Amino acid sequence: MKIQDKNMLYYGDNLEVMRKRIPDESVDLCYIDPPFNSKRSYNQIYLNVGEDKAQAQAFIDTWSWDSLAVQGYQEIILNSGGRFTAQVIELVKGLRNVIKEGSLLAYLVSMTLRITEIHRVLKKTGSFYLHCDPTCSHYLKLILDAVFCPNGGDFLNEIIWQRYSRPKGSQFDAKKFGSATDTIFFYSKSSAYKFYLDKVKISIDDDEINKRYNLADEKGRYYSGPLLRSSSMGERPNLVYEYKGFTPGPEGWRMTKEKLVEIDTQGDMFWTSSGIPRRKVRPKENPGITLGNLWSDIEAIGSQAKERLGYPTQKPEALLERIIKAGSNEGDMVLDAYCGCGTTVAVAERLKRNWTGIDITYQSISLVLKRLEDSFGKKVLRKILLDGIPKDVESARALAEKKDDRLRKEFEKWALLTYTNNRAVVNDKKGADKGIDGTAWFLTSGTDTGKAVFQVKSGNVNRATIAALRGDMEREKAQLSVLITLNPPTKPMREEAVTAGVYHHPMMNRDYDRISIVTVEELIEDRKRFEMPTGIDVVKKAPKKSGEQQAKLV
């Protein structure tokens, strides 16, 4: 299949995006790692640049029974658009009776809406992997069963991913067994789903091969393979026959006599000291260990791992490589509706799949773009169509005026990260930002750094806005400050900015205005960006990719 010219990266609510942008039966494989209803806030960790390691909120995994949840619930029980199975409707009504209205039901309603859309966009040959933990896995499986099974789909596996081989120290303090596993539910859209188990065998290293293949004959090394007689297949009289003085029990041999003779003639049969026939298995016949549903060979990303980006729920590339290889081919479409820091789309890109990613936060979108550029070079960005990013002042204003609480600071994040090319740390403290929405650092010598602070405004601005920013800049001991404004600045604002003077950059031997005013129109139409030429990255670079990384897979 030909790889499409463009991959899609959507900035917005995945429910709205899937309903409006993704056609029926257009996706070969979907993996999601959604919030788990953990009742926690997750922070993105920035690099240590000039001061203590900074953090900013990546997403909040806390749910409430609000107007959005009520709207979703009504949509399901009234079967809006005929989207929902009878089983889904009755399940959600039953859950409301049992667990009552509240955080848990709000979360499950949200997931039901989105799982239903994922089922719609999957091809008949498609498969779905939902990554979760024990917090709500039992409820999520009920929802998955109600969505997939009545329509010809099926539950295939509950994959247990053992994230850690050793419990963390803090787990010894809890009055329960330590938690070291996640769950990945595997479902198919129909019985015709794609699945390639042979592509994801676990490789055997040289030491293990030497240990395993520890016998030898004139043809080379082998190890004691499976019994040639059956031991647990039930009575099979058609395969009960005598061979070289040995007759198996009522379960018979594992194969016909003709096949058994062929194996023996090739020198690949031997008899144990107790007279039991076995097959010789040679290294070329066993290129890897066939995978089961317990995945204990892939560790979670450690604090010093090269692929670690500082995103709180980042998953290892080896995990996604296994899933994508098992359920798709080159040129197939892979969807991640909660793409976070972009592990799924980065692996899909490396494995030559087409991909679509969706996320509701601009922090994630900017991190995905940076990760792809760091890994594959600038040319990869030319193959990506961005949707949902403000393209004019009108769409920027629409983003600023969104009523959804989840998007409260999205306009600020978009403006700040776009202007600084993802080099700023977002200040996400509610009501406590002291006028500062973000900070960036730049080199002033080989070892020293300067600081720039940023403020983003979507409402009215005036001279007092600049005066306050000047005070904030001095309080933060910053050399530079920038106001990004949706509305045009007034003449008194520009005059007030001039009174702050200039900063002389010692390395560049050049003067910069201490206070700059940038409009959203300039940000979009003129592509105006933070000009400090020696800016410091605050997000870790993703490793360069050269060729296909196998990551413990054959």
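The values are calculated or read from the model by the stated rules, or taken from the named source; none is laboratory data. Computed from a prediction, not measured in an experiment: that's the story for all the values here. With ideal geometry, Cβ positions are generated from the backbone for all residues, glycine too; neighbour counts draw on all protein chains shown. These area figures cover heavy atoms from the full protein model, side chains too; ligands, DNA and RNA do not enter into them. Shrake-Rupley method; radii C 1.70, N 1.55, O 1.52, S 1.80 Å.
Residues are listed down the side, and each one gets a yes or a no for (1) assigned to a loop (DSSP other than H, G, I, E, B); (2) buried (at least 16 other Cβ atoms within 10 Å of the Cβ):
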residue	(1), (2)
423	yes, yes
439	no, yes
461	yes, yes
464	no, no
494	no, no
497	no, yes
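Out of 139, 193, 187, 129, one residue alone is surrounded by 14 or more Cβ atoms within 10 Å (Cβ to Cβ) and assigned to a loop (DSSP other than H, G, I, E, B). It is 193. Criterion first (out of contact with any strand residue (DSSP E or B) (no Cβ under 6 Å at 6 or more places or on another chain), on the phi > 0 side of the Ramachandran plot and either open to solvent by 20 Å² or more (accessible area, probe 1.4 Å) or outside any strand (DSSP E or B) (or both)) does residue 527 satisfy it? Judged against the criteria, residue 527 is a match. Contact map, the stretch 172-189: residues that are farther than 23 Å from residue 319 by Cβ paired with residues that are modelled with pLDDT under 95, Cβ distance under 8 Å, separation 6+ or inter-chain. Pairs shown: 172/178. State which residue is modelled with the highest pLDDT when the search covers only the stretch 218-241 and only residues that are open to solvent by 100 Å² or more (accessible area, probe 1.4 Å), in a loop (DSSP other than H, G, I, E, B) and farther than 13 Å from residue 267 by Cα. By that ranking, first place goes to 235. Within the stretch 78-105, the set of residues being of a type in the set (D, E, K, R) and on the phi < 0 side of the Ramachandran plot comprises 83, 90, 93, 96, 101. Every test in (1) open to solvent by 40 Å² or more (accessible area, probe 1.4 Å); (2) under 21 Å from residue 18 (Cα atoms); (3) in contact with a Pro (Cβ under 6 Å, 6 or more places away or on another chain) is passed by residue 87 save one, and that test is (2).
Residue check: residue 209 meets all listed conditions (1) modelled with pLDDT under 80; (2) assigned to a helix (DSSP H, G or I); (3) more than 26 Å from residue 326 (Cα to Cα) but one, namely (3). The single condition among (1) farther than 30 Å from residue 298 by Cα; (2) at pLDDT below 85 that residue 253 does not satisfy is (2).
Every listed requirement among (1) over 30 Å from residue 121 (Cα atoms); (2) small (Gly, Ala, Ser); (3) within 14 Å of the chain's Cα centre (by Cα) is met by residue 342 save one, (1). Note on the stretch 418-436: residues that are at pLDDT 90 or above and closer than 26 Å to residue 372 by Cβ total 3. The selection criterion, being closer than 30 Å to residue 332 by Cβ and open to solvent by 30 Å² or more (accessible area, probe 1.4 Å), holds for residue 81.
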